[in-house]
Amino acid sequence: MKFKKLGTTDLDVSLICLGTMTWGTQNTEKDAFEQMDYSIGSGVNFFDTAELYSVPPNSESYGKTEVMIGNWFEKRKNREKIVLATKVAGPGCNWIRGGGNNFDEKTIGEAIDGSLKRLKTDYIDLYQLHWPERSTNFFGRRDYTLDSEEGDWNSFESVLKALEKFIKSGKIRYIGMSNETPYGLSKYIELSKNKNLPRMMSVQNPYNLVNRTYEIGMSEISIREKCGLLVYYPLATGALSGKYRNGQMPKNSRQALFKGWERHLNPLAMNAYEEYFKLAKEYQMTMAQLAQAFVNSRPFVTSNIIGATTMEQLKENIDSVNIELSDEIMEKINVIHNNNPNPSP
């Protein structure tokens with residue numbers, strides 16, 4: 001396994017992070033235990049979850065994943081071996097604290113206490129804002145349009161001050177954000193410096209061969225400010241494994257079971273998948289290996305959050321740390337990208 005520093009902390013996190021959001025819907029607790037056991041045995045020391053999980057999000061699946069992780073900690077007695085990341089939900093989910101979920105001290109405190117209870121731990125290593133409280137472009141929205149009716153939202157400074165209290169109490173160690181924009185990332189970092197407030201240590205955003213939008217405005221900030229990317233959707237919700245090629249729709253796949261990820265199967269993206277399939281075949285690797293190795297190689301990436309519903313998928317994803325892409329392959333990847341940039345944001 002390879003390791004990188006989490007932001008400016010002294011924590012070494014594995015380049016592969018175990019993603020958990022399917023635990024409780026597509027995966028049982030038995031599956032979750034098997035994945036965690038295998039991952040830690042393979043050198044993975046970084047787990048990512050959220051109070052929202054499992055997905056698709058609803059009142060029945062809420063909190064299930066954290067419960068499974070907590071049960072594993074209780075049984076294995078190994079909490080100290082894991083760098084544990086979870087998230088507080090943003091506004092919009094009416095089954096979570098009434099749907100408000102603004103990032104004020106009261107709401108964040110309730111969310112932290114709920115996660116600690118489910119996770120059966122007394123501290124969280126990395127606590128992340130799951131999505132911005134303000135109206136902006138995330139979850140597949142390419143462009144920003146000002147919403148004149150977005151209402152009030154807590155200032156970046158007030159959010160940092162609220163989080164600071166929970167850091168001082170020992171309930172959380174470090175903070176990060178998810179689904180953020182260059183504006184949000186730069187504002188948080190600027191305020192941390194100028195106001196001597198806690199510093200964001202990571203950004204968890206989507207990034208993959210068909211969505212390289214992070215490179216446009218975020219990657220420079222990540223590198224210069226040492227606030228690296230925790231990648232989610234490295235396989236574009238499984239599409240970069242090739243399983244949806246030629247009109248296929250595997251029975252138990254996410255696209256077959258649930259709605260909400262159709263943007264990953266749009267015609268432009270499907271064309272790109274064909275090109276990446278040919279490239280992977282040319283160099284005798286699977287599409288998933290090509291896609292994961294590409295993500296792992298990026299200098300602004302701190303860790304690649306891999307999710308799997310089967311052990312075979314998990315093993316292939318973890319093993320991607322051993323694949324090095326040559327300059328020749330990278331050139332061909334960039335040709336495909338330049339001919340069809342970011343078809344699936």
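Taken together, the values in this text are just the output of simple stated rules run on the coordinates, not laboratory data. Small disclaimer: the values here were computed from a predicted structure and weren't measured. Positions of Cβ are generated from backbone atoms using ideal geometry, with glycine treated the same way; all protein chains shown enter the neighbour counts.
A few notes on this one:
- Put in line by how crowded their Cβ is, counting other Cβ atoms within 10 Å and starting with the fewest, TRP153, TRP23 read TRP153, TRP23.
- FRET efficiency for the LYS2 to ILE216 pair, using the beta carbon distance and R₀ = 30 Å, is estimated at 0.70.
- For MET287, MET1, order by how many other beta-carbon atoms lie within 10 Å, fewest first: MET1, MET287
- Sorted by Cβ density within 10 Å, fewest first, the residues TRP72, TRP261: TRP261, TRP72
- Estimated FRET transfer efficiency when R0 is 22 angstrom, pair ASP12-LYS168 (beta carbons, to 0.05): 0.35
- Volume per residue for segment 132-171 equals 89 cubic angstrom (convex hull of Cα atoms).
- Three principal axis extents of the chain based on alpha-carbon atoms, in descending order, are 54, 47, 37 Å.
- Kirkwood Rh and Cα Rg combined as Rg over Rh, evaluated for segment 201-292: 1.02
- Long-range tail of P(r) for segment 67-151 (Cα pairs > 17 Å, %): 56
- Charged-residue dipole, Cβ positions (Lys, Arg, Asp, Glu), segment 1-92 about Cα centre, Debye nearest 20: 240
- Among ASN340, ILE167, ALA272 - extreme Cα towards positive end, dipole of the chain, charges at beta-carbon: ILE167
- Distance between segment 123-154 and segment 172-223 - C-alpha centres, whole angstrom: 12
- Total charge dipole magnitude, segment 282-345, about the Cα centre, Cβ charges on Lys, Arg, Asp, Glu only, Debye to nearest 20: 240
- Dipole of segment 1-47, positive direction: furthest Cα of ILE16, PHE33, LEU6, with charges on the beta-carbon: LEU6
- Residues of type lysines that LYS187 reaches as a straight line, Cα spacing below 28 Å, ignoring anything fewer than 8 places off in the same chain: LYS4, LYS5, LYS87, LYS106, LYS161, LYS165, LYS168, LYS171, LYS195, LYS226
- FRET efficiency, 1/(1 + (r/R0)^6) with R0 45 Å, evaluated for SER297 and THR28 via beta carbons: 0.85
- Under the convention that each Lys and Arg Cβ holds +1 and each Asp and Glu Cβ holds -1, the size of the dipole of the chain around its Cα centre is about 500 debye.
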